[in-house]
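Read through the structure below, which is laid out as structure tokens, and then see the notes.
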Amino acid sequence: MNILMVVLWRLAAAPAPAPVETLAWLAGCWESRSGERVTLEMWSPPEGDLMVGASRTVAGGRARAFEHLRIRGTPDGLVYTAIPSGQNETAFASTSVGEDRFVVENPEHDFPTRITYRRAGDDAYTALVEGPGDDGSMGGFRIDFTRVRCEAGPP
């Protein structure tokens with residue numbers, strides 16, 4: 001009976017994986033501008049343990065990159081999947097999830113190996129994309145997004 005009590009105590013003490021609803025703040029449309037380069041990222045509201053996203057980067061009037069995204073809740077935690085510009089999909093497992101921040105990692109991927117989304121109030125967030133450089137040291141880039149209106153197309 002003591003063993004059963006220890007097992008039950010450990011199960012009760014283990015934190016439950018964060019549900020995808022924890023990331024409801026991400027739903028909507030977001031924009032990043034740098035010179036003539038504009039990136040738009042859009043996320044659906046969480047429902048059915050899933051958020052679906054997409055991004056597009058335009059520079060000089062031409063689409064330069066696009067990405068299909070999803071965040072799915074699983075029994076082991078959140079899984080962030082990216083399919084950038086028609087490449088193979090890559091899944092990243094959540095390593096930290098909070099009300100204003102989440103981190104996903106895939107150490108087997110070439111670049112990136114870690115992606116961090118950090119909320120900055122109701123109308124902004126930062127994406128930090130990191131991985132090993134040619135010399136093996138961690139490097140990457142940061143994208144600052146602000147909330148924008150999601151415009152519908154013509155009827």
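The values are calculated or read from the model by the stated rules, or taken from the named source; none is laboratory data. Just so you know, these numbers come straight off a predicted model, no measurement behind them. Don't worry about glycine lacking a Cβ; one is built from the backbone with ideal geometry, like all the others, and counts go over all protein chains shown.
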Filter result (exposed (fewer than 12 other Cβ atoms within 10 Å of the Cβ), within 23 Å of residue 23 (Cβ to Cβ) and of a type outside the set (D, E, K, R)) within the stretch 61-82: 75
When (1) in contact with a strand residue (DSSP E or B) (Cβ under 8 Å, 6 or more places away or on another chain); (2) touching a residue at least 40 places away in the same chain (Cβ under 8 Å); (3) more than 13 Å from residue 53 (Cβ to Cβ) are applied to residue 74, the one that fails is (1)
Just need a number here: residues in the stretch 83-116 that are farther than 21 Å from residue 30 by Cβ, hydrophobic (A, V, I, L, M, F, W, C) and surrounded by 15 or more Cβ atoms within 10 Å (Cβ to Cβ). 1
Condition test on residue 119, is it of a type outside the set (S, T, N, Q), in contact with a helix residue (DSSP H, G or I) (Cβ under 6 Å, 6 or more places away or on another chain), at pLDDT 95 or above and surrounded by 12 or more Cβ atoms within 10 Å (Cβ to Cβ)? yes
Determine whether the stretch 93-114 contains at least one residue that is modelled with pLDDT of 95 or more, assigned to a strand (DSSP E or B) and touching a His at 6+ places or on another chain (Cβ under 9 Å). no
Is there any pair with a first residue in the stretch 119-141 that is in contact (Cβ under 8 Å) with a residue 40 or more places away in the chain and a second that is assigned to a strand (DSSP E or B) and charged (D, E, K, R) whose Cβ atoms are under 6 Å apart and which are 6 or more apart or on different chains, and what are they? 125/119
